[in-house]
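Below: one structure, written as structure tokens.
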Amino acid sequence: MTSNALVAFEAISKAYGNGTRALTEVSFSVARGVIHAISGENGAGKSTLMKILFGLEQPSSGRLLLDGGVAEIRSPAAAVEQGIGMVHQHFTLVPSLTVAENIFLGQEQRSGIFVDREKTSRRVAALSKRFNLAVDPDARVSTLSVAAQQKVEILKALSRDIRLLILDEPTAVLSPPETEELFTRLRHLRDAGLTILFISHKLREVRALASHVTVLRAGRVVGDAQLADLDNDALSRLVMGGATSVARPVRASRSVGAPLVALKNVSQSRGRPGERVSNLDLTIYAGEVVGVAGVDGGGQQGLVALLSGRKAAESGTIVFGGRDMKSGSTRDWRSAGLAHLPADRHKDGSAMSMSLVDNAVAGAHRKPAYRMGALLDRRKMVEATRDMISEYGVRSPGPEAPLSALSGGNAQKLIAAREFASAPSFLIADEPTRGIDIAAAAFLHERMRNMAGTGVGILLVTSDLDELLTLSDRIVVMFGGRIVARFDTIDGLTPDRLGPFMLGLEETA
């Protein structure tokens, strides 16, 4: 441990009772007042290590040092007492409470025995001004965009007078402009003396933000260096364990089929502002990938809700496979041939406490292949799940393990395996590679290309502009609930060209 180190991990190992070994002899230190990146593929051990630092997990062996002394952090409360805060990839806010109530939950400001809401709001306003993180203290969290919720999470951590901030995949839910805004704030916090641990598998962001990187692979440290001493190829080799990063494939020409999904003058004004849409005209053809670009709240989620049966249109027409689906339910869309990779796989696409088997056959359990008379055939369900695990390279303790035991990327691969196995004619891929590593993303990309090649129509909604430009045959841009631009060819199209439309600075006639 160097003299300037705030925290050091010394031979940290973590093994679970089912035989899974998450970490093996992890050793490195983090200097004060820097942004230090922890990178690696999904399942590399990044989140497990940070949970140990924040007191959510305990190491099987090894020790943790703070300020040069041995620290035993048995709980998140103990971590906060030591000046450590953490913003999790999946937020821990209470949607029904206000921003102020969330930030000071458990340490409410009081006047006598009563909670003083005005005093709490003033404290949040002062905190917001101090750290240049503008939020409305009295807004309900349920009404906020994802980017605004992340600001609340950061303020909640900073309200505890921390000196070390852990950010676990903080850009997974942000658009490119929101990511750059976050990075500007983090640099300001660093300049004010805060030490930041930035957990990410996105190497471009690691290089843009951090000065030092520690790379984990299969639970071991395989690299620990100043980023200035690593070129892009060397960094990719450390993360991937191979000779190079995944190359962008040559776009294959595909023949587009008949109209599959058609929206005509569709509007829907209910729900959150970001889910409302106005006068949408869009046709998706069999065998093509239509990309949807836009910043958070631009209306993309409203479009997804309409095309998955979660919401009905108030006006206009929606046709899928020749059927009127303006008021179609989720079951109607599914029975007509829809598969859906949801943006929030924990909330909408899975049951985290249930087994991999139960998640893998969800929605298909009525099929004869999984039944034995009137009863479910568990043996067949387990066999099918094993096949998915093998085909999609899902790292797991086994089919009967809870889905919560998997990393985010491996959970996403299992959900993708389930959806793709339904033999759909139409796929909604909503942030399909959010929070997963390069290799897993490349795998899912190839699967989606193959599906399009067999005639499946795909709607791709993603904040990753590289992904959008790699997979899409054409792109529409949404802002304010409307389609403000259409690009019928991807050739020569760049993120810079999309940016003004995404931000509402430009729109086509």
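What follows draws every value from the coordinates through simple rules; no lab data is involved. It should be emphasised that the depicted structure is a prediction, and the values quoted were computed from it without experimental measurement. Here Cβ is always computed from backbone atoms with ideal geometry, including for glycine, and neighbour counts include all displayed protein chains.
Think of the stretch 343-411 as a dipole: +1 on every Lys or Arg Cβ, -1 on every Asp or Glu Cβ, centred on the Cα centre; then among MET352, GLY363, SER390, GLY363 lies furthest on the positive end.
Note on LYS264: aspartates and glutamates with a C-alpha under 20 Å away, same-chain residues under 8 apart excluded, are GLU275, ASP281, GLU288, GLU314, ASP324, ASP332, ASP488, GLU507. Were the residues from ARG386 through GLU446 laid out at 0.36 nm apart, the gain over their Cα-Cα distance would be 19.5 nm. Residue ranges 453-465, 393-405 sort as 453-465, 393-405 when ordered by packing (mean number of other C-beta atoms within 10 Å per residue, highest first). Please give, to one decimal in nm, the separation of the simple spin-label points placed at ARG160 and ARG187, each 7 Å out from Cα toward the Cβ. Calculated label separation equals 2.8 nm. The distance linking the stretch 139-208 with the stretch 408-431 is 29 Å (Cα centroid to Cα centroid, whole angstrom). Extension gain, LEU105 to SER27, is 24.6 nm, computed as 0.36 nm per intervening residue step minus the present C-alpha separation. Across the cross-link table entries LYS46/LYS413; LYS202/LYS380; LYS156/LYS413, which are compared at the Cα atoms, the separations over 27 Å belong to LYS202/LYS380; LYS156/LYS413.
In the chain, helical runs assigned H by DSSP with n ≥ 4 each contribute -39500 (n - 2.57); averaged across all residues and rounded to the nearest 500, the mean residue ellipticity at 222 nm is -9000 deg cm²/dmol.
Only Lys, Arg, Asp and Glu count, each charged at its Cβ (+1, +1, -1, -1), so figure out the dipole size of the stretch 5-240 about its Cα centre, rounded to 20 debye. Provide the component values of the computation, followed by the final result.
On the way: 28 positive and 26 negative charges, 51 e Å.
I would put it at about 240 debye.
Distance between the pseudo-spin-label points of ALA228 and SER335 (7 Å out from Cα toward the beta carbon): 6.5 nm.
So how do 130-141, 208-219 stack up, highest first, on mean other-Cβ count within 10 Å? Don't skip to the answer; put the middle values down first.
Numbers: 130-141: 16.3, 208-219: 21.2.
Top of the packing list down: 208-219, 130-141.
Between ARG379 and HIS90, the contour length at 0.36 nm per residue exceeds the Cα-Cα span by 100.7 nm.
Return the FRET efficiency for the residue pair ALA78, GLU10: r is the Cβ-Cβ distance, R0 is 22 Å, and the value is rounded to the nearest 0.05.
Details: r = 19 Å, r/R0 = 0.85.
Efficiency, from the Cβ-Cβ distance: 0.75.
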